[in-house]
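Participant: Dropping a structure here in structure tokens format, bear with me for questions.
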Amino acid sequence: GAGVSQSPSNKVTEKGKDVELRCDPISGHTALYWYRQSLGQGLEFLIYFQGNSAPDKSGLPSDRFSAERTGGSVSTLTIQRTQQEDSAVYLCASTPRMVNTEAFFGQGTRLTVV
Amino acid sequence: GQQLNQSPQSMFIQEGEDVSMNCTSSSIFNTWLWYKQDPGEGPVLLIALYKAGELTSNGRLTAQFGITRKDSFLNISASIPSDVGIYFCAGPYAGGTSYGKLTFGQGTILTVHP
């Protein structure tokens with residue numbers, strides 16, 4: 001696609017439920033990143049994919065968070081047993097080369113846990 | 001972890017005024033990036049700086065890579081209402097990754113009054 005696409009744009013879920021957030025990167029971009037943006041804060045790194053592998057998962061806040069990427073394209077971020085502190089905007093970015101800091105971001109998924 | 005300190009946290013200006021914001025770090029950076037985030041959207045890259053002392057312009061925006069490599073400045077001249085948004089500085093993660101993992105400042109919220 002023309003840009004990074006994320007779905008859904010907004011998600012309201014009840015505490016304790018599982019949620020899946022989807023990211024469709026720019027076609028041909030091999031590197032994919034997930035970031036989290038809490039209210040009034042900067043972006044916090046979660047996980048990095050190169051192809052289908054995730055060599056850096058160091059930013060995942062707990063074992064309730066997991067992510068996968070298939071076909072070197074679409075990625076899914078899953079949050080199990082959601083908590084209120086998980087409420088944030090989850091942003092996905094992709095870059096065309098492994099060593100490239102000029103990331104292109106999607107519009108984000110705003111997650112609200114009630 | 002690595003911190004990027006952005007100031008000011010927010011600015012309220014009149015249309016037509018010039019704006020200046022900066023970002024500092026305790027660590028040396030080899031790249032400085034400036035992003036803008038509109039409400040409900042993901043960050044969009046405005047300017048990328050790769051060399052100490054570099055001064056780069058993009059329309060009414062000018063950014064500089066500080067000579068100490070520990071700071072960067074963004075200036076917006078003759079502000080217009082569509083300049084409203086959150087401006088973030090970012091740089092490569094100090095841990096020395098070979099990929100595009102970024103650290104972000106906490107953002108400067110810009111409001112422009114017509």
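Laboratory data are not the source of any read-out in this text; all were calculated from the coordinates shown. Quantities reported herein were computed from a predicted structural model and do not represent experimental measurements. Here the Cβ positions follow ideal geometry from the backbone for every residue, glycine too, while neighbour counts run over all protein chains shown.
Participant: What does the convex hull of the Cα atoms come to per residue for the protein assembly as shown, in Å³? Walk me through the numbers before you get to the answer.
Facilitator: Details: hull volume 27.2 nm³, N = 228.
That works out to 119 Å³ per residue.
Participant: Rg(Cα) of the range B:6-114 divided by 2.2 N^0.38 Å?
Facilitator: Values: Rg = 13.6 Å, N = 109, 2.2 N^0.38 = 13.1 Å.
It is 1.04.
Participant: Provide the three semi-axes, in whole Å and in decreasing order, of the ellipsoid equivalent to the range B:1-56 as defined by the square roots of 5 times the Cα gyration tensor eigenvalues.
Facilitator: Values: eigenvalues 95, 43, 39 Å².
With the √(5λ) rule applied to the range B:1-56, the semi-axes are 22, 15, 14 Å.
Participant: Give me the one-decimal Kirkwood hydrodynamic radius in Å for the range B:45-97, with the sum taken over alpha-carbon pairs. Don't skip to the answer; put the middle values down first.
Facilitator: On the way: mean 1/r = 0.0810 Å⁻¹.
Evaluated over the range B:45-97, this radius sits at 12.4 Å.
Participant: Net charge around A:Thr95, counting only other residues with Cβ within less than 11 Å of its Cβ (Lys, Arg = +1; Asp, Glu = -1)? Kindly include the intermediate steps, with their values, before the conclusion.
Facilitator: Working: positive: A:Arg97, B:Lys101; negative: A:Glu102.
Taking every Cβ under 11 Å from that of A:Thr95, the sum is +1.
Participant: Where in the range B:18-86 are there chymotrypsin sites (Phe, Trp or Tyr not before Pro) that are in a DSSP coil and have at most 13 other Cβ atoms within 10 angstrom of their Cβ? Mind dumping the intermediate values first?
Facilitator: Values: sites: B:Phe29, B:Trp32, B:Trp34, B:Tyr35, B:Tyr50, B:Phe65, B:Phe73; in loops: B:Phe29, B:Tyr50.
Passing sites in the range B:18-86 are B:Tyr50.
Participant: Give me the net charge of A:Gly59's neighbourhood, meaning all other residues with Cβ under 10 Å from the Cβ of A:Gly59; Lys, Arg count +1, Asp, Glu -1. It would help to have the intermediate numbers written out before the result.
Facilitator: On the way: positive: A:Arg36, A:Lys57, B:Lys101; negative: A:Glu44, A:Asp56.
Net charge around A:Gly59: +1.
Participant: Using only the alpha-carbon atoms, what does chain A span along each of its principal axes? Please give whole angstrom values in decreasing order.
Facilitator: 38, 25, 25
Participant: Hey, what does the equivalent ellipsoid look like for the range B:29-70, semi-axes from the Cα gyration tensor as sqrt of 5 times each eigenvalue, largest first, whole Å?
Facilitator: On the way: eigenvalues 94, 28, 8 Å².
Value: 22, 12, 6 Å, ordered largest first.
Participant: Measure up A:Lys17/B:Lys36; A:Lys57/B:Lys51; A:Lys15/B:Lys36; B:Lys36/B:Lys101; A:Lys15/B:Lys101 against 26 Å on the Cα-Cα distance and list the ones that go over. Don't jump to the answer; show the numbers that get you there.
Facilitator: Details: A:Lys17/B:Lys36 33 Å; A:Lys57/B:Lys51 30 Å; A:Lys15/B:Lys36 32 Å; B:Lys36/B:Lys101 18 Å; A:Lys15/B:Lys101 30 Å.
Exceeds cut-off: A:Lys17/B:Lys36; A:Lys57/B:Lys51; A:Lys15/B:Lys36; A:Lys15/B:Lys101.
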